[in-house]
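Enquirer: Take this structure first; my questions come after.
The values are calculated or read from the model by the stated rules, or taken from the named source; none is laboratory data. These numbers come from a predicted model, not from an experiment. Here the Cβ is made from the backbone with ideal geometry for all residues, glycine too, and neighbour counts use every protein chain on show. With ligands, DNA and RNA removed, areas are computed over all heavy atoms of the protein, side chains included. Shrake-Rupley method; radii C 1.70, N 1.55, O 1.52, S 1.80 Å.
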Amino acid sequence: MRIADVLVEKLLRSTNSFSDDQIKTFREQEEAEKKPLQDIVIKAGAISEKELTKLYAKEIDVPFAEFNPRELSRDVLKLIPERIARQYKAVVFAVDDDGSQRIALEDPDDVQAINFLRKQLGSSITFHITTTSLIQGALDQYRGNISSELTKVISIETGSEEVDEEISEDEVAEDSPIAQTVNLIIEYGVKASASDIHIEPREDHVVIRYRIDGVLREANKLPRKVLGALVSRIKILSNLKIDEHRAPQDGRFKVDVGGMVYALRVSTLPIVDGEKVVMRILNETSKPATLEELGFWGIALRNIQKAMVQPHGMILVTGPTGSGKSTTLFSVLSILNNPSVNISTVEDPVEYRIFGANQTQVNPVAGMTFTNGLRALLRQDPNVIMIGEIRDGETAQLAVQAALTGHLVFSTLHTNNAATCLPRLLDMQIEPFLIASTVRVVVGQRLVRRLCVDCRETYQPAQEELEHLEKSFHLDETETMKKLHELEKEAIAGGIGAPDKGEAELGSTPSGIIKLWRAHNDGCDRCNHTGYRGRIGIYEVLDNTSGIQKMIVTNDTSENIQNHAIKDGMVTMQVDGLVKALRGQTTIEEVLRVTSEE
């Protein structure tokens, strides 16, 4: 759907959210880049495709349709044949009780499409407008099980029995079966909301595995003979050396799936049975989540928001690999991002692209290390600096100096919790008084699997489980239980577990836990019968109060710092997870899985 530039400008003005100067800037950018105004404003993040389409729908008086493509019934979809649906960019997304069919169109002004569909389906239809990405997502649902399609495509390749044969250009060409195979593997990963795709050679076959919600799952086995062509095709896409098999390589490429752009970060590694490939999937068209959407609430949210608006200082995010640190920093930097702020980053690798920020990729071969990159950044007049990771004392020293000289510095550190971050900086030879005066807050975090809202269920814990909970979360004291009950009420006020299917009821009382949530044994279609769908963060935000500053200067232990922070009101990761388990967002087992230290 293409909206006229004049109309896009009118729609932007109707929101009263854009000044004349902003619209003038968009118009100048449109002229310079020779792109439609619609594309300019969406790419800039000024307005989402959905918001713009809604405004357009209201302007032309056509109802806007919003639906989840994965939930569409195949029987309803097939009321319009796939060929026709793709030709006219139109899908049936619902059928009313009276038999009336609701059709979503990308372009409601397409008279030819509307006339044809009326002839095909009769007069009992209503037309709606929707976004291009939703139409594309619905069209993708026409396809059958991708795993079976993969097997179908691979069967074309079973002509030769040669293993490790020379790879010809035809085998890895754009329209070859191997190219289709790679496309299907990626498409399946995107649709399954996987974070990583693993292509692993074994002695007599190739295993395809996906990391979904933090758990690796095997999806398919391919014949061993396709390994060489498969890896070569991925190397071509990533601009890597296809004749290098003995050294690891890193690359990146982009794909369009369902109207959304995904960046795939590729890593190859020689192992005993051949070359292994891992592809990290990053959605480049997704908007950054708000702190509330990530799972921050209460005092943790207030402390991080207070630190973000400081003119200088250091905000550190800690946790193991894969705990969502980059996502948290991406959200924070996106909140701070505006034309009056110079945000500069040094990352390894650059995972999320931030429009308007100056992002630098670490390249040790060329001499671009975190330390050298940070030195260069300090000469680039930055307001906000983000260092992908503090790995050594030299980087730490520079980061502290930057925070002291009027910059707001963000970085990550690999420690178990927020409190151990401060002694870790001491280990890097940073003077205690410098840590005390520069660090504003330290965020500790983990990711837990989120319960599927469609099939989760409540239950009353047995006495044995209650005793285990009391021991694991130290709930044996009356005051501790009262505090947990108050925290649950505060979490509801903060939007954690909005009232839905029984969530309005509290899971705790001042004297004990009365209700918990668990995954359904068989799950449902929406969660691929796992009982979980997506992940949510559990956090602790340690505010560097004057009391903690004194403890840092006297080289106190991380345990004492942690206890003092809890007295100051800090909610630990484990307690945050327990509150979210009470609110039906995750399970006790998930929280203990990622936080248990025994």
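Enquirer: Which condition number does Thr405 fail, the rest of (1) within 24 Å of Ile548 (Cα to Cα); (2) in contact with a helix residue (DSSP H, G or I) (Cβ under 9 Å, 6 or more places away or on another chain); (3) open to solvent by 10 Å² or more (accessible area, probe 1.4 Å) being met?
Expert: With (1) within 24 Å of Ile548 (Cα to Cα); (2) in contact with a helix residue (DSSP H, G or I) (Cβ under 9 Å, 6 or more places away or on another chain); (3) open to solvent by 10 Å² or more (accessible area, probe 1.4 Å) applied to Thr405, the lone miss is (2).
Enquirer: Follow-up. Which members of segment 579-592 meet the condition of being surrounded by 15 or more Cβ atoms within 10 Å (Cβ to Cβ) and not in a loop (DSSP other than H, G, I, E, B)?
Expert: Val579, Lys580, Ala581, Leu582, Ile588, Glu590, Val591, Leu592
Enquirer: Would you mind finding the one in Gly313, Gly324 that is open to solvent by less than 60 Å² (accessible area, probe 1.4 Å), within 21 Å of Thr572 (Cβ to Cβ) and among the small types (Gly, Ala, Ser)?
Expert: Gly324
Enquirer: So how many residues does segment 178-205 have that are open to solvent by less than 30 Å² (accessible area, probe 1.4 Å), in a strand (DSSP E or B) and without any contact (Cβ under 8 Å) to a residue 40 or more places away in the chain?
Expert: Matching residues across segment 178-205 total 0.
Enquirer: Determine if segment 2-23 includes at least one residue that is more than 30 Å from the chain's Cα centre (by Cα), among the hydroxyl-bearing types (Ser, Thr, Tyr), in a helix (DSSP H, G or I) and closer than 30 Å to Pro339 by Cα.
Expert: Yes, the conditions are met somewhere in segment 2-23.
Enquirer: Need the failing condition index for Ser267 against (1) out of contact with any Asp or Glu (no Cβ under 7 Å at 6 or more places or on another chain); (2) over 29 Å from Leu134 (Cα atoms), just the number.
Expert: Every condition holds for Ser267 apart from (1).
Enquirer: For segment 38-79, give me each residue that is among the hydroxyl-bearing types (Ser, Thr, Tyr) and part of a helix (DSSP H, G or I).
Expert: Residues satisfying the conditions are Thr53, Tyr56.
Enquirer: Being among the β-branched types (Val, Ile, Thr) and in contact with a strand residue (DSSP E or B) (Cβ under 8 Å, 6 or more places away or on another chain): is that true of Ile242 here?
Expert: Here the answer is no, as Ile242 does not meet what is asked.
Enquirer: Which residue pairs have Cβ atoms under 7 Å apart, sit 6 or more places apart or on different chains, and have a first residue in segment 521-535 that is without any contact (Cβ under 8 Å) to a residue 24 or more places away in the chain and farther than 11 Å from Val453 by Cβ and a second that is crowded, with 18+ Cβ neighbours inside 10 Å and among the small types (Gly, Ala, Ser)?
Expert: His529/Gly523
Enquirer: Could you please find all residues in segment 462-477 being surrounded by 14 or more Cβ atoms within 10 Å (Cβ to Cβ) and part of a helix (DSSP H, G or I)?
Expert: Of everything in segment 462-477, those that are surrounded by 14 or more Cβ atoms within 10 Å (Cβ to Cβ) and part of a helix (DSSP H, G or I) turn out to be Glu465, Leu466, His468, Leu469, Glu470, Ser472, Phe473.
Enquirer: Still on this structure, please answer the following. Considering segment 294-341 alone, what residues qualify as being among the small types (Gly, Ala, Ser) and in a loop (DSSP other than H, G, I, E, B)?
Expert: From segment 294-341, those among the small types (Gly, Ala, Ser) are 295, 298, 300, 307, 313, 319, 322-324, 326, 331, 334, 340; that's our starting set.
Listed by number, the residues that qualify are Gly295, Gly319, Gly322, Ser323, Gly324, Ser340.
Enquirer: Could you say whether any residue in segment 30-37 is surrounded by 13 or more Cβ atoms within 10 Å (Cβ to Cβ) and part of a helix (DSSP H, G or I)? So that I can check it myself, show each step before the final result.
Expert: Taking segment 30-37 and keeping what is surrounded by 13 or more Cβ atoms within 10 Å (Cβ to Cβ), we get 30, 36-37.
Okay, now just the ones that are also part of a helix (DSSP H, G or I), so 30, 37.
Yes, segment 30-37 contains at least one residue that is surrounded by 13 or more Cβ atoms within 10 Å (Cβ to Cβ) and part of a helix (DSSP H, G or I).
Enquirer: Among the listed residues Val365, Val384, identify the single one that is modelled with pLDDT under 90 and either of a type in the set (Val, Ile, Thr) or open to solvent by less than 70 Å² (accessible area, probe 1.4 Å) (or both).
Expert: Going through Val365, Val384 in turn, the sole match is Val365.
Enquirer: Of the residues in segment 555-578, how many are open to solvent by 40 Å² or more (accessible area, probe 1.4 Å), assigned to a loop (DSSP other than H, G, I, E, B) and in contact (Cβ under 8 Å) with a residue 60 or more places away in the chain?
Expert: Qualifying residue count for the region: 2.
Enquirer: Right, another one. Which one of these is among the basic types (Lys, Arg) and closer than 30 Å to Arg252 by Cβ: Arg424, Arg353, Arg456, Arg440?
Expert: Arg353
Enquirer: Still on this structure: It is to be established whether one or more residues within segment 478-490 are open to solvent by 20 Å² or more (accessible area, probe 1.4 Å), on the phi > 0 side of the Ramachandran plot and not small (Gly, Ala, Ser).
Expert: There is no residue in segment 478-490 that is open to solvent by 20 Å² or more (accessible area, probe 1.4 Å), on the phi > 0 side of the Ramachandran plot and not small (Gly, Ala, Ser).
Enquirer: Would you check if there is a residue in segment 544-554 being crowded, with 23+ Cβ neighbours inside 10 Å, in contact with a strand residue (DSSP E or B) (Cβ under 6 Å, 6 or more places away or on another chain) and closer than 20 Å to Gly444 by Cβ?
Expert: Yes, because at least one residue in segment 544-554 is crowded, with 23+ Cβ neighbours inside 10 Å, in contact with a strand residue (DSSP E or B) (Cβ under 6 Å, 6 or more places away or on another chain) and closer than 20 Å to Gly444 by Cβ.
Enquirer: Any residue that is surrounded by 13 or more Cβ atoms within 10 Å (Cβ to Cβ), in a helix (DSSP H, G or I) and of a type outside the set (A, V, I, L, M) - is there at least one of those in segment 95-115?
Expert: Within segment 95-115, none of the residues are surrounded by 13 or more Cβ atoms within 10 Å (Cβ to Cβ), in a helix (DSSP H, G or I) and of a type outside the set (A, V, I, L, M).
Enquirer: Could you list, in sequence order, the residues of segment 226-241 that are crowded, with 17+ Cβ neighbours inside 10 Å and not in a helix (DSSP H, G or I)?
Expert: Within segment 226-241, Leu240 is the sole residue that qualifies.
Enquirer: If the requirement is being within 20 Å of Ala289 (Cβ to Cβ) and of a type in the set (S, T, N, Q), which of these qualifies: Gln549, Gln585, Gln562?
Expert: So the residue among Gln549, Gln585, Gln562 that is within 20 Å of Ala289 (Cβ to Cβ) and of a type in the set (S, T, N, Q) is Gln585.
Enquirer: Mind listing whichever residues of segment 264-282 are touching a Lys or Arg at 6+ places or on another chain (Cβ under 8 Å) and surrounded by fewer than 16 Cβ atoms within 10 Å (Cβ to Cβ)?
Expert: Residues satisfying the conditions are Leu269, Pro270, Asp273.
Enquirer: Go through Pro339, Pro349, Pro423 for me and flag whichever is surrounded by fewer than 20 Cβ atoms within 10 Å (Cβ to Cβ) and within 22 Å of Glu540 (Cα to Cα).
Expert: On the way: Pro339 fails: within 22 Å of Glu540 (Cα to Cα); Pro349 fails: within 22 Å of Glu540 (Cα to Cα).
Result: Pro423 is the single residue among Pro339, Pro349, Pro423 that is surrounded by fewer than 20 Cβ atoms within 10 Å (Cβ to Cβ) and within 22 Å of Glu540 (Cα to Cα).
Enquirer: Evaluate the following for Ile135: is it crowded, with 17+ Cβ neighbours inside 10 Å, at pLDDT below 85, β-branched (Val, Ile, Thr) and within 35 Å of the chain's Cα centre (by Cα)?
Expert: So Ile135 fails the test.
Enquirer: Still on this structure: Would you point out the residue of segment 235-271, among those that are of a type in the set (A, V, I, L, M) and within 20 Å of Glu218 (Cα to Cα), that is farthest from the chain's Cα centre (by Cα)?
Expert: Across segment 235-271, the extreme among qualifying residues is Ile271.
Enquirer: Looking at segment 342-373 only, could you name the residues that are in a loop (DSSP other than H, G, I, E, B), over 24 Å from Thr321 (Cβ atoms) and among the hydrophobic types (A, V, I, L, M, F, W, C)?
Expert: Phe355
Enquirer: Report the residue count in segment 15-74 for those that are farther than 15 Å from Ser133 by Cβ, free of Cβ contacts under 8 Å to residues at least 40 places away in the same chain and touching a strand residue (DSSP E or B) at 6+ places or on another chain (Cβ under 9 Å).
Expert: The qualifying residues number 2.
Enquirer: Taking the conditions exactly as written (open to solvent by less than 50 Å² (accessible area, probe 1.4 Å) and on the phi > 0 side of the Ramachandran plot), does Gly356 satisfy them or not?
Expert: So Gly356 fails the test.
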